[in-house]
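Remarks on the structure that follows.
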Amino acid sequence: MKIKIEPGKGQGEVILPPSKSLFHRTLLCAALAGGESTIYGRLAGEDLDATCRAVKVLGAQASVTQDRVKVVGTSPFHRPEATLDCASSGTTLRLSLPLLLLSDEPVTLLMSKQLAVRPLAIYQELLCEKGILWEQKETELFLSGKLAPGQYVLPGDVSSQFVSGLLLALPLLDGDSKIRLTKPLESRPYVEMTRQVQKAFSVETEKTDDGFFIRGGQPYKPTDFIVEGDATVAAVYETLNGFGSSILLPNAPISLLQGDARFSELAKKVRDHEVVDLTDTPDLSPTLFALAAFYGKGHFVGTRRLAYKESNRATSMKEELSAFGVELTVSENEVLVSGSLQKPSRALFCHDDHRIAMALATLCTLTGGTLDGAECVGKSYPEFWQDLATLGFAVAEQ
């Protein structure tokens, strides 16, 4: 799918899709809670569809309507042998995997080719040490065995989702557990989000000097939960407003439960040519790189983990921003941006990455341009192109 965007500004109101990160966690906690929970928010995107499938594989029921999801939870200890299609959702895979090991029935996890190359070695090493059978062949992962309480030692600098997945599962076991981190935890706001959602479902974990203590035997209890608007998507519209549009976001997040709600603070640093640390906000990187391209200069650190997202976001943005006459210098944990923005010299490629597609779209409203592979926004925000058109931007499918 190709989308052509002409230069222009937009105005009007957009209802943001609910936070994808919050929705994943809330769906899974509701699945683990005996009884009915109502999650208020519009289920949007392919990733959340995958987590809905995980809910059902765990043995729970999920009923989806236009503005809410009703989940009837169940015990995950008694699910039958199952297969879960995670598609391209790394969050579904990493958060669900330990939960599926609460039962000793085998499970097969299916993945897209794109997801299959993203890191899973941390889980593999941890779980094989605990006696779990792990057999992976290309896009298929077969697991057999049962999660046990105890100590889990892992680095904190690869993906916080490994920590979150264990935090979700370990409280249900019949003994206490510890997570010990051998390196500082990156993307900490996502782990804190997991803990806050768990708390809403009556499960609590404790921070320690080197990780977390998890008391066993804690049941999740059903509750109703309102999922606030997605802060990462809000950042895209805030960027467009910075380019001269007038877009209102009635359901913009008002808490800092989402780490990406810090966008305004980070955008000000970009504008003032200060160093921006992306350690805790990797999903904002494409939008912030685009903003730096607009200002002609940017300096980012904490970028190491961008290589492990839907695409390598640093090198992907380097390739696409070069078409705008903007240079990205990418090193192991640093990105420098310099250059003067101009109309792109070619069609832009979205790298099958929804965040990159939306970030490039913001620049195309200034210069014009064509985006190839624009359907990838369906991963989190299928209505994005339609919403841009509704706001008055000249957006057309080619």
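The values are calculated or read from the model by the stated rules, or taken from the named source; none is laboratory data. All values derive from a computational prediction rather than experimental measurement. When we count neighbours, we look across all protein chains shown, and the Cβ atoms used for this are built from the backbone with ideal geometry, even at glycine.
Tabulated values for the structure
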{"quantity": "Residues within segment 224-253 that are within 27 Å of LEU185 (Cβ to Cβ) and among the polar types (S, T, N, Q), tallied", "calculated": "1"}
{"quantity": "Considering residues of segment 61-78 that are at pLDDT 90 or above and over 28 Å from PRO17 (Cβ atoms) only, the residue surrounded by the most Cβ atoms within 10 Å (Cβ to Cβ)", "calculated": "SER75"}
{"quantity": "Identity of the residue in segment 170-203, part of a loop (DSSP other than H, G, I, E, B) and touching a helix residue (DSSP H, G or I) at 6+ places or on another chain (Cβ under 7 Å), that ends up surrounded by the most Cβ atoms within 10 Å (Cβ to Cβ)", "calculated": "SER187"}
{"quantity": "Among residues of segment 288-304, those that are surrounded by fewer than 24 Cβ atoms within 10 Å (Cβ to Cβ) and at pLDDT 90 or above, counted", "calculated": "8"}
{"quantity": "Segments classed as strands (runs of 3 or more DSSP E), wholly inside segment 214-315, with at least 1 members that are among the hydroxyl-bearing types (Ser, Thr, Tyr) and on the phi < 0 side of the Ramachandran plot", "calculated": "246-248"}
{"quantity": "Qualifying positions in segment 102-150 - touching a residue at least 60 places away in the same chain (Cβ under 8 Å), under 16 Å from CYS86 (Cα atoms) and touching a helix residue (DSSP H, G or I) at 6+ places or on another chain (Cβ under 7 Å)", "calculated": "ARG118, PRO119"}
{"quantity": "The lone exception for VAL158 - which of (1) under 17 Å from the mean Cα position of the chain (by Cα); (2) part of a strand (DSSP E or B) it fails", "calculated": "(2)"}
{"quantity": "Residues located in segment 72-101, provided they are touching a strand residue (DSSP E or B) at 6+ places or on another chain (Cβ under 9 Å) and touching a residue at least 60 places away in the same chain (Cβ under 8 Å)", "calculated": "GLY73, THR92, SER96, LEU97, LEU101"}
{"quantity": "Matching entry among THR194, THR208 (being within 21 Å of the chain's Cα centre (by Cα) and over 29 Å from GLY12 (Cα atoms))", "calculated": "THR194"}
{"quantity": "Qualifying residue in segment 146-155 (condition: under 21 Å from SER96 (Cβ atoms) and of a type in the set (Val, Ile, Thr))", "calculated": "no"}
{"quantity": "Hey, SER380 touching a residue at least 12 places away in the same chain (Cβ under 8 Å) and out of contact with any Pro (no Cβ under 9 Å at 6 or more places or on another chain) or not", "calculated": "no"}
{"quantity": "Residues of segment 140-155 satisfying the condition of being within 21 Å of the chain's Cα centre (by Cα) and surrounded by fewer than 16 Cβ atoms within 10 Å (Cβ to Cβ)", "calculated": "PRO155"}
{"quantity": "Some residue of segment 331-341 being assigned by TED's automatic domain parsing to the domain that holds GLY373, under 23 Å from GLU228 (Cβ atoms) and not β-branched (Val, Ile, Thr)", "calculated": "no"}
{"quantity": "SER88 vs. criteria touching a Gly at 6+ places or on another chain (Cβ under 7 Å) and either outside the structural domain of THR194 (by TED's automatic domain parsing) or not acidic (Asp, Glu) (or both)", "calculated": "no"}
{"quantity": "Complete set of residues in segment 195-213 that are on the phi < 0 side of the Ramachandran plot, without any contact (Cβ under 8 Å) to a residue 60 or more places away in the chain and not charged (D, E, K, R)", "calculated": "THR205, THR208, PHE212, PHE213"}
